[in-house]
2 protein chains.
Amino acid sequence: MADFSSRYRRWLEQLEADQLDGFLLTHSPNLTYLFNFTASTAMGCCLAGESFLIVDSRYIESARSQAVNCQPVLARDSLEQELRSILSKNKNPKLRLGIEANHISYDLFATIQSWFTTVECVPTHGLTEKLRMIKDEEEIQTLKEAFRIAQTAYGHLVKNVSPGMTETAVAGLLEFELRKAGGEGLAFETIVASGKRASLPHAPATAKRIEPEELLLIDFGVKYHGYCSDLTRVCLLPGTRKPPIYKVVQEAREQAFSRIKPGALCSEIDQVAREWIARSGYGDHFGHSLGHGLGLEVHELPALSTRSQMEVQEGMVFTIEPGIYLPGQYGVRIEDVVVVTPNGFQFLSQPDS
Amino acid sequence: MADFSSRYRRWLEQLEADQLDGFLLTHSPNLTYLFNFTASTAMGCCLAGESFLIVDSRYIESARSQAVNCQPVLARDSLEQELRSILSKNKNPKLRLGIEANHISYDLFATIQSWFTTVECVPTHGLTEKLRMIKDEEEIQTLKEAFRIAQTAYGHLVKNVSPGMTETAVAGLLEFELRKAGGEGLAFETIVASGKRASLPHAPATAKRIEPEELLLIDFGVKYHGYCSDLTRVCLLPGTRKPPIYKVVQEAREQAFSRIKPGALCSEIDQVAREWIARSGYGDHFGHSLGHGLGLEVHELPALSTRSQMEVQEGMVFTIEPGIYLPGQYGVRIEDVVVVTPNGFQFLSQPDS
């Protein structure tokens, strides 16, 4: 069991630091992080240091048995009505209620404002996400296990891929192996792109059959105890060779790895990989950012992009995934995941070689 | 290929009827519906009858080759910056820009308002979703195929479930069969709840092993050409018998089915099933609504709930899924899916018997 009480305490301290009297949680991974509870629909509301978890009847039994740091509340009518009833207990004449500005809908924001003149919705950006960005030892162990599952499954897959299979069949086999290895669900839709389709960076598996000598771009993620793996590999069929751009992508990775340590700028890590690819003549063929944080969500803070303002910190977990995509021909992306240590980094995945 | 041009024309007519000069699409299934394009991140913007689809570099090649009714635009910096540049072409001194109030984030809403004094964001609710609610013949055929895949896979599964397997292994086997039958991905996380866990209406598969004589509640969905199946079955191991509440749930279904036809109230269909369960003594054990629409999303309009204000219309597709959950014991839910016809309904799934 993760240390939910200390992360909740840090969260309450952050509310206080931001002079918030309360907070409305609408982004599901934040509920998981603070309350050990996951549902397709739920809300959290903190008022004067006390938190409520609002769920409907489908989830109330599991909320009561699992959730921590909060009081589960059954929404008999709707989650919104229950929220209203919780907020109506407020006696503060000017309650500063933090909202997750990137996640709350305009509608819910406007509805809350219409209910009370005493509640001021204060937009916040990444308040909980910034705490989630720094992983503790238990989270790192959980992520390692997610990657062990992912790589065990991939190892079984590559022994069984052959020309004539459809991309969908490859995805199905991989997902079955993920479950057999202990996976608890997919972190995102499995990408299997063969031949020319591999020049599309994010191409879900289709009914297309794999031809001899085509390469496969496989990008997949599994969930384990709520945490996501994310790994991209280029799968070569027996008798085929790595295309020339493979080496360029590998070198770009090395450039990036050489810069990862606390205090480095996220943008600088992106930059060195991007420059390497550009100098090798493929600058127009690497459009996406170099990497992203990973944890309860498959994309979370920090971003490793040219625009990122963040510094690398110990305990951050992120992907490094440069790619080169040649439209009409093929594409190569290699993705591994690291955790930042006091003096550098460790791999959470078994890196591609 | 679906008739994208006629649905787009109906959509433009709706904008006109609502006196909107433009519309901002932020809800991904609406982009799929109007533009034949799906991405993890994208925005659509319609201005003066012309639509733009804003995507990042990961998706631009597929947007250019697949998308219809719109002009794909590559966001070099961010989607928001590209949106700003599109909106800045507006010459209308008071542009009424429809927004999807339940889907747009407060942050994006506030950002747009801060950019322009000439743009008024007009909250809309379900504008596109109400068009999507009525399925055309091609959508119905696609849904039928999704259910054929689902039921083929389930048929293979039940022959291979045995005590001692974990819930996760059952989910993995089902998902593998879904892929083999032609499924293109999961519509939602597979629910496999055995024994006492079946009293939790929405319990994802865990490492728990299935004991002899336990029943399994299995709720699963597959995607086919973007459309979702959704089916719940109670799987009984050989030698076990249906529990007494099974019959009550079946009878509640029959009550609901007897009311489905154009002109009926969605709330009335929910009500008759709910009353049947209550009169049978289980009123406290059926908390969720009776059903929901199904299509590009696994939950869409109409809702079949006590609070729903909608009338049943020809072409609607929805689930009927009463359940009884006995905490600490077990639970039963049976879910099938219908399409409304001029005089009643047809099943899209092969109904449970």
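Among residues of the range A:180-200 that are more than 9 Å from chain B (Cβ to nearest Cβ), those with a Cβ under 7 angstrom from a residue that is open to solvent by 10 Å² or more (accessible area, probe 1.4 Å) and not in a loop (DSSP other than H, G, I, E, B), sequence gap 6+ or separate chain, pair up as A:A181/A:T152; A:A187/A:K223; A:I191/A:P204; A:G195/A:Y330; A:K196/A:Y330; A:A198/A:L215; A:A198/A:Y330.
Looking at the range A:341-353, which of the residues that are polar (S, T, N, Q) and open to solvent by 50 Å² or more (accessible area, probe 1.4 Å) is nearest to A:L216 (Cα to Cα)?
Filtering the range A:341-353 down to residues polar (S, T, N, Q) leaves A:341, A:343, A:346, A:349-350, A:353.
In the following step, the residues that additionally are open to solvent by 50 Å² or more (accessible area, probe 1.4 Å) were identified as A:343, A:346, A:350, A:353.
On the way: A:N343: 35, A:Q346: 27, A:Q350: 19, A:S353: 17 Å.
If we take residues in the range A:341-353 being polar (S, T, N, Q) and open to solvent by 50 Å² or more (accessible area, probe 1.4 Å), then A:S353 is nearest to A:L216 (Cα to Cα).
For the range A:305-340, residues that are assigned to a strand (DSSP E or B), under 26 Å from A:Y282 (Cβ atoms) and open to solvent by 10 Å² or more (accessible area, probe 1.4 Å) total 3. A single entry from A:E300, A:E268, A:E275, A:E321 fulfils the requirement of being touching a Lys or Arg at 6+ places or on another chain (Cβ under 7 Å), over 27 Å from A:A146 (Cα atoms) and of a type outside the set (F, W, Y): A:E268. Based on this model, can you work out whether B:T32 counts as at pLDDT below 95 and under 30 Å from A:I191 (Cα atoms)? Criteria not met by B:T32.
Against the test of being more than 14 Å from chain B (Cβ to nearest Cβ), over 26 Å from A:G185 (Cβ atoms) and open to solvent by less than 20 Å² (accessible area, probe 1.4 Å), the options A:I99, A:I86 yield a single qualifying residue, A:I86. Scan the range B:11-28 for residues that are more than 24 Å from the chain's Cα centre (by Cα) and crowded, with 19+ Cβ neighbours inside 10 Å and the total you get is 3.
Return a yes/no flag: does the range B:237-252 have any residue that is within 21 Å of B:A187 (Cβ to Cβ), more than 14 Å from chain A (Cβ to nearest Cβ) and of a type in the set (A, V, I, L, M, F, W, C). Walk me through it before giving the result.
Of the range B:237-252, the ones within 21 Å of B:A187 (Cβ to Cβ) are none.
The answer is no; no qualifying residue exists.
Every test in (1) of a type in the set (F, W, Y); (2) in a strand (DSSP E or B); (3) open to solvent by 20 Å² or more (accessible area, probe 1.4 Å) is passed by A:Y8 save one, and that test is (2). Exactly one residue among B:L131, B:L178 is at pLDDT 95 or above, assigned to a helix (DSSP H, G or I) and surrounded by fewer than 20 Cβ atoms within 10 Å (Cβ to Cβ), and that residue is B:L131.
Name the one entry in B:A169, B:A110 that is farther than 21 Å from B:T232 by Cα, within 8 Å of chain A (Cβ to nearest Cβ) and either assigned to a helix (DSSP H, G or I) or open to solvent by less than 10 Å² (accessible area, probe 1.4 Å) (or both). Lay out the reasoning, then the answer.
Working: B:A169 fails: farther than 21 Å from B:T232 by Cα.
On inspection, the qualifying residue turns out to be B:A110.
If the condition is being in contact with a helix residue (DSSP H, G or I) (Cβ under 8 Å, 6 or more places away or on another chain) and among the polar types (S, T, N, Q), then the range B:254-285 contributes B:Q255, B:S258, B:S280.
Output the number of residues of the range A:276-295 satisfying the condition of being in a helix (DSSP H, G or I) and hydroxyl-bearing (S, T, Y).
First pass over the range A:276-295, keeping only residues in a helix (DSSP H, G or I): A:276-285.
So of that shortlist, the ones also hydroxyl-bearing (S, T, Y) come out as A:280, A:282.
Number satisfying all stated conditions: 2.
Of note, A:E314 does not satisfy the criterion of being free of Cβ contacts under 8 Å to residues at least 12 places away in the same chain and out of contact with any Cys (no Cβ under 8 Å at 6 or more places or on another chain). Here B:I210 passes the criteria (1) of a type in the set (A, V, I, L, M); (2) away from chain A (no Cβ under 14 Å); (3) in contact (Cβ under 8 Å) with a residue 60 or more places away in the chain except the one numbered (3). The residue that is farthest from B:P351 (Cα to Cα), among those in the range B:138-166 that are hydroxyl-bearing (S, T, Y) and not in a helix (DSSP H, G or I), is B:T166. Filtering the range A:141-163 for residues that are in contact with a helix residue (DSSP H, G or I) (Cβ under 6 Å, 6 or more places away or on another chain), buried (at least 16 other Cβ atoms within 10 Å of the Cβ), within 11 Å of chain B (Cβ to nearest Cβ) and not aromatic (F, W, Y) leaves a non-empty set.
Among (1) β-branched (V, I, T); (2) within 18 Å of the chain's Cα centre (by Cα); (3) within 14 Å of chain A (Cβ to nearest Cβ), which single condition is B:I324 missing? The single condition B:I324 does not satisfy is (2). Among the residues making up the range B:212-258, a single one is in a strand (DSSP E or B), more than 20 Å from B:K159 (Cβ to Cβ) and open to solvent by 50 Å² or more (accessible area, probe 1.4 Å): B:K223.
Rundown of residues vs (1) within 11 Å of another protein chain (Cβ to nearest Cβ); (2) closer than 23 Å to A:I112 by Cβ; (3) in contact with a Gly (Cβ under 9 Å, 6 or more places away or on another chain), yes/no style:
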| residue | (1), (2), (3) |
| --- | --- |
| A:L12 | no, yes, yes |
| A:L20 | no, yes, yes |
| A:S28 | no, yes, no |
| A:T38 | yes, no, yes |
| A:S78 | yes, yes, no |
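Answer yes or no as to whether B:V298 is buried (at least 17 other Cβ atoms within 10 Å of the Cβ) and outside any loop (DSSP other than H, G, I, E, B).
Numbers: buried (at least 17 other Cβ atoms within 10 Å of the Cβ): yes; outside any loop (DSSP other than H, G, I, E, B): no.
Considered against the rule, which asks whether it is buried (at least 17 other Cβ atoms within 10 Å of the Cβ) and outside any loop (DSSP other than H, G, I, E, B), B:V298 comes out as no.
Looking only at residues of the range A:87-122 that are in contact with a Cys (Cβ under 9 Å, 6 or more places away or on another chain) and free of Cβ contacts under 8 Å to residues at least 12 places away in the same chain, we find that the one that is farthest from A:L31 (Cα to Cα) is A:Q113.
Working carefully through the options B:V68, B:V73, find the one that is in contact (Cβ under 8 Å) with a residue 60 or more places away in the chain, more than 8 Å from chain A (Cβ to nearest Cβ) and open to solvent by 20 Å² or more (accessible area, probe 1.4 Å). Please lay out each step first, then the result.
Details: B:V73 fails: in contact (Cβ under 8 Å) with a residue 60 or more places away in the chain.
Every option except B:V68 fails the conditions.
The set of residues in the range A:29-63 being out of contact with any His (no Cβ under 8 Å at 6 or more places or on another chain), open to solvent by 30 Å² or more (accessible area, probe 1.4 Å) and under 14 Å from B:A203 (Cα atoms) consists of A:T38, A:T41, A:E61.
Would you check if B:T32 is in contact with a Leu (Cβ under 9 Å, 6 or more places away or on another chain), of a type in the set (S, T, N, Q) and either closer than 15 Å to B:C121 by Cα or in a loop (DSSP other than H, G, I, E, B) (or both)? Considered against the rule, which asks whether it is in contact with a Leu (Cβ under 9 Å, 6 or more places away or on another chain), of a type in the set (S, T, N, Q) and either closer than 15 Å to B:C121 by Cα or in a loop (DSSP other than H, G, I, E, B) (or both), B:T32 comes out as no.
If you check B:S57, B:S51, B:S62, which single one turns out to be part of a loop (DSSP other than H, G, I, E, B) and farther than 17 Å from B:I134 by Cα?
B:S57
The values are calculated or read from the model by the stated rules, or taken from the named source; none is laboratory data. Model, not experiment: these values are computed from the prediction. So basically every Cβ, Gly included, is an ideal-geometry build from the backbone, and we count neighbours across all protein chains shown. Each accessible area value is taken on the protein alone, full model and side chains, heavy atoms only, with ligands, DNA and RNA left out. Shrake-Rupley method; radii C 1.70, N 1.55, O 1.52, S 1.80 Å.
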